[in-house]
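One structure below.
Values in this text are rule-based calculations from the coordinates and carry no lab data. On a predicted model such as this, the values are computed, not experimentally measured, just so you know. Counting neighbours? That spans all protein chains shown, and the Cβs are built from the backbone with ideal geometry, glycine included.
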Amino acid sequence: MKTIKQTILFNASAADIYDYIINPRKFNIITGGKASNTGKIGAKFFCYDEYIFGTNVELVPGKKIVQKWACADFPDKQFSDVKIELKVKGPKQTELILTQENVPDELFDDLTILWNEFYFDPIKDHIEDLMWK
């Protein structure tokens, strides 16, 4: 098992970044894939038409997201542990620190790319689009 660690800087508030990840309506708009999340601890979530799924473990709006997380490529009944920390770096600037533990070795490279392609790049693109409107 491996651990993915990434740090991403966004030109948006921590509250907005949290909302883009947790709010399924906003996530749908940004990514185009179907998502569901009640935003409650213990609740199940999915995104990208159930390719990614899991359970919310800890949710601190604008600060932290902790989830049991898996995707369709994971071995049966195996989940990784995802922690997303949001740190305010300035007005409308947020640092996101991702730690994903218990990643199957054979999926490490693909999941490292997935976080950028499926989560962070679409959020950044959406923020940029809003800035130009």
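I97: net charge of surrounding residues, Cβ under 12 Å, Lys/Arg +1, Asp/Glu -1, itself excluded? Residues near I97 contribute +4 overall. A simple spin-label model places pseudo-atoms 7 Å from Cα toward Cβ; at Q93 and K40 they are separated by 3.9 nm. Charge dipole of the chain (Cα centre as origin; +1 on each Lys and Arg Cβ, -1 on each Asp and Glu Cβ, all else neutral): 720 debye, rounded to the nearest 20. Distance from the alpha carbon centroid of the stretch 80-133 to that of the stretch 8-48 works out to 11 angstrom. Considering only I97, W115, Q6, and ranking their Cα positions along the charge dipole of the chain that arises from unit charges at the beta-carbon of Lys, Arg, Asp and Glu, the one farthest toward the positive end is I97.
Looking at the stretch 34-98, which chymotrypsin sites (Phe, Trp or Tyr not before Pro) are DSSP coil and have at most 16 other C-beta atoms within 10 Å of their C-beta? In loop regions of the stretch 34-98 (DSSP not H, G, I, E or B), the sparsely surrounded chymotrypsin sites (Phe, Trp or Tyr not before Pro) are Y51, F79.
In straight-distance terms, cross-link reach from K40 covers every one of the lysines whose alpha-carbon lies under 24 Å from its own, apart from those fewer than eight places away in the same chain; here that gives K26, K63, K64, K68, K77, K83, K87.
How about K92: which aspartates and glutamates have a C-alpha closer than 19 Å to its C-alpha, ignoring those fewer than 8 places off in the same chain? Hits, sequence-local ones excluded: D16, D19, D121, D125, E128, D129.
For Rg/Rh (Cα atoms, Kirkwood Rh), the candidate list reads (i) 1.08; (ii) 0.98; (iii) 0.94; the entry that matches the value derived from this model is (iii).
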